[in-house]
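Note sheet for the following structure.
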Amino acid sequence: MQVKDENNMDLRSTFYMSRILSDEIKKGEDYRKVKDTIVINLMNFEYYKRNSYHNIAHMKFEETKKNEYVEMGYKKEDKIASKGIELHFIEIPKFEKKNPEAKTKLEKWLWLIAGREDKLEMAKEEDKEIKKTIEIIDQMSMDEKEWELYNSRLMAILDYNTGMRNARDEGEAIGLSKGEKIGLSKGKAIGLSKGEKIRTIQRQERRTT
């Protein structure tokens, strides 16, 4: 997001793109590992002499010059030099002048960036991401007293959830402990019962002999 026009947006965007591309692969790696690079420039000023608030640029070829023309049989020439590079230039003042409804995802986010939450009354009920972002912005704009109340409520919820989780864990631990004791008790009882039967059989065998 560029707030002030420094008269260098084209160069700045090219620099950002080159940095992203140069970080894609290490020395000796295959160039096929390079991913598509998309740079999105949000500008709070008008920069390009174009009749659109959202302009998309690619690395394109210039028109073929007559003196460099070679008959290769191509009825339609390639226009894009590299499909992996895409530059978006979004000019907020032009967008506000257009004044579109908040229907598309881009329109919703641009109205939010422009600080026009009033344009998003319906959108925030339909779009969870927008609604969550507006809530965060509202939290950040709270005064000190509102922030204290919000934090107190948040802490109360966290304390309640923690208490419930601890109680559940404690209950599970007690249940396991009781289960182990019952298992040991039953095991001992079964062992005693089997031992008594073996001794009875042994006594009977001695009597018969």
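With a simple spin-label model that places each label point 7 Å from the Cα along the Cα-to-Cβ direction, the separation between Arg168 and Ser18 comes to 5.5 nm. Annotation: amide H of Phe45 within the under-5 Å range of Ile92, sequence separation 5 or more or interchain, hydrogens built in the peptide plane. Note on Val3 and Glu63: their simple-model spin labels are 4.3 nm apart, each label 7 Å out from Cα toward Cβ. The slack between Phe45 and Lys33, meaning 0.36 nm per residue of separation minus the straight C-alpha distance, is 0.7 nm.
Computed from phi, the 3J(HN,Hα) profile of the range 108-119 under the Karplus parametrisation 6.51, -1.76, 1.60 (θ = phi - 60°) reads 4, 5, 5, 5, 5, 5, 6, x, 10, 5, 4, 7 Hz, with x in place of Gly and Pro.
Highest mean first, the peptides 85-91, 71-77, 56-62 sorted by other C-beta atoms within 10 Å per residue fall in the order 85-91, 56-62, 71-77.
No value in this document is a laboratory result; all are computed from the given coordinates. Just so we're clear, the structure is a prediction, and the values are computed from it rather than from any experiment. So basically every Cβ, Gly included, is an ideal-geometry build from the backbone, and we count neighbours across all protein chains shown.
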